[in-house]
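What follows is a set of notes on a single structure, which appears directly below.
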Amino acid sequence: MDKIVIEGGQPLNGNVRINGAKNAALLIQCAALLGDTACTLRHLPNLSDVRTMGKLLAYLGCDVSMVDTHTMRIDPRGVRDGELEAPYDTVKTMRASVTVMGPLLARYGRARVSLPGGCAIGARPIDQHLKGLEALGAEIQLENGYVVLQADRLRGGAFVFDKVTVGGTQNVMMAATLAKGTTRLENVAREPEVEELARFLNKMGAKISGAGTSVIEIEGVDNLTGIEHAVIADRIEAGTLAIAAAITRGDVLLEDAPVDHMHATIAKLEEAGVECRVEPDGLRVLGPDEIRPIDVSTRPYPGFPTDMQAQFMVLALCANGQSLITETIFENRFMHVPELARMGGDVKVNGNSAVIRGPSNLMGATVMATDLRASASLVVAGLVAQGVTEVRRVYHLDRGYECIEERLRPLGARIRRLSGARA
Ligand code: EPZ
């Protein structure tokens with residue numbers, strides 16, 4: 001297994017281009033199943049999750065090919081009725097696989113998808129996905145750890161989500177595009193990735209309105225057509241690199257950063273004393289001599305993103321004073337705390353809140369990644385820790401960050417990847 005070795009203490013300076021958004025790319029890949037013809041997706045991040053989704057689509061019968069490192073062509077015309085299954089091993093590796101349910105059900109009338117089970121950050125059930133699909137007329141059976149869905153043709157319906165869920169909103173919205181009649185979804189997720197998916201589907205011929213608000217209406221159509229599309233930039237990657245610039249007292253231009261999707265993150269960075277300058281080609285982040293402590297609670301968009309929580313904890317560890325971070329979205333998203341503690345971080349967890357006392361003079365250590373954003377926080381911490389930090393199990397990191405060491409090194413970081421036996 002690869003590991004990443006970082007020698008801390010170098011300020012980050014220069015320009016780095018922000019990649020396509022993982023959490024938009026994965027859903028748009030699923031949406032390609034709805035089309036009668038092929039889609040070409042550009043500005044895809046070169047990530048293991050994107051490759052895993054491509055493999056799942058190929059397993060379902062799509063013709064999937066890489067035009068180049070960041071461009072994927074998906075032709076769904078080969079999807080065979082018999083193979084409409086997302087198998088256990090795939091779903092266990094990447095839970096976003098469950099969002100093939102909606103497209104398969106809408107386009108082919110059936111789907112068999114492994115229940116995802118829990119993951120490092122929580123139980124992450126899919127009850128809202130299933131209730132929403134039932135509201136469109138799906139017949140659902142649970143058997144041997146799989147969800148089996150059936151519907152001759154989905155019909156438009158009304159559904160109010162009990163809980164705001166990004167994936168649930170996207171799954172049901174995709175299913176509704178080919179239902180007979182109009183669907184009204186309430187208490188939906190407002191994330192930019194939901195809006196981006198709706199934009200993609202409407203380009204395919206869908207009739208979706210309200211994406212980005214709490215109510216989405218979908219007027220069902222008979223068919224959708226494959227298109228070309230460039231995926232939006234990744235607000236979480238941009239936020240992660242912004243924190244790296246801030247805590248190393250650097251000066252970094254995040255080219256193409258989706259500033260309009262980062263208001264909550266930028267507000268918290270500025271509250272901490274970090275200078276964020278919106279410029280014509282991106283977001284420039286300048287690290288201050290002193291970082292102020294901050295209190296933050298994760299919330300559904302447009303609130304502060306849970307995917308930035310672990311990285312913000314490192315910012316809080318570099319602040320002069322006590323900060324409070326509250327995680328309200330997932331029940332177990334403090335897996336980075338014990339690892340940061342090994343680097344000298346003073347963090348006390350109490351339920352879904354963590355009290356951080358800074359400045360903690362972080363020291364290099366060997367640490368282990370446990371989930372995607374936790375691993376990002378360990379790399380960011382290594383950039384400021386005294387001495388050498390070794391982050392193991394970086395396959396977690398590679399799910400959401402494209403060659404992070406290649407992105408940070410040109411900015412001045414002393415960082416390298418040890419692969420295979422050398423790891
Ligand atoms: C998406 O996950 C993202 N993943 C996550 O990013 C992100 O953290 C999350 O949204 C919240 O913003 C992708 O887009 C691929 P949810 P998702 O359904 O859709 C509960 C990353 O690091 N819930 O909005 O799975 C659930 O347990 C990843 O890039 C139900 O109770 O998240 C959680 O507590 C991690 N029932 C809360 O809702 C359901 O049916 C939010 O989950 C569905 C969800």
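Placing pseudo-labels 7 Å out from each Cα toward the beta carbon at ASP68 and ARG51 gives an inter-label distance of 1.9 nm.
The HN-Hα couplings worked out from phi for the range 318-327 by the Karplus form 6.51 cos²θ - 1.76 cosθ + 1.60 (θ = phi - 60°) are 9, 7, 8, x, 9, 10, 10, 10, 10, 9 Hz, whole numbers, x standing for Gly and Pro. In a fully extended conformation the segment linking THR37 and THR366 would gain 113.6 nm over its present Cα-Cα distance, using 0.36 nm per residue. Antiparallel DSSP bridges in the range 22-230: what percent, to the nearest 5? In the range 22-230, DSSP labels about 70 percent of beta bridges as antiparallel. Name the long-range amide H neighbours of GLY250: under 5 Å, sequence gap of 5 or more, or other chain; modelled H, no Pro or chain starts. Under 5 Å from the amide H of GLY250: LEU12, GLY287. Once you've got the Cα coordinates, tell me which of LYS3/LYS203; LYS22/LYS131; LYS55/LYS131 are over 30 Å apart. Cα-Cα > 30 Å for LYS3/LYS203; rest within.
Within 10 Å of each candidate Cβ there may be at most 16 other Cβ atoms; applying that plus a DSSP loop requirement, which GluC sites (Glu not before Pro) in the range 324-381 survive?
Filter output for the range 324-381: GLU331.
Heavy atoms of the protein chains alone define the surface here; on that basis the chain has 38 Å² accessible area per residue at 1.4 Å probe size. On full extension, the segment bounded by ARG77 and GLU255 gains 60.4 nm, given 0.36 nm per residue less the C-alpha separation. In terms of its C-alpha gyration tensor, the range 22-230 comes out rounded, because the ratio a/c of the largest to the smallest axis stays below 1.5.
Using 0.36 nm per residue, how much length does the chain from GLU228 to VAL160 gain when fully extended, once their Cα-Cα distance is taken away?
Computed gain between GLU228 and VAL160 is 21.3 nm.
One quarter of the convex hull surface built on the alpha carbon atoms of the chain amounts to 18.6 nm², the projected area averaged over directions. The order of ASP162, ASP256 by accessible area, most exposed first and with a 1.4 Å probe, is ASP162, ASP256.
The H on the amide N of THR328, modeled in the peptide plane, is under 5 Å from the matching H of THR298, each at least 5 residues off or on a different chain.
The values are calculated or read from the model by the stated rules, or taken from the named source; none is laboratory data. These numbers come from a predicted model, not from an experiment. Please note: Cβ atoms are built from the backbone with ideal geometry, for glycine as well, and neighbour counts cover all protein chains shown. Note: accessible area is taken over every heavy atom of the protein model, side chains too, but ligands, DNA and RNA are not part of it. Shrake-Rupley method; radii C 1.70, N 1.55, O 1.52, S 1.80 Å.
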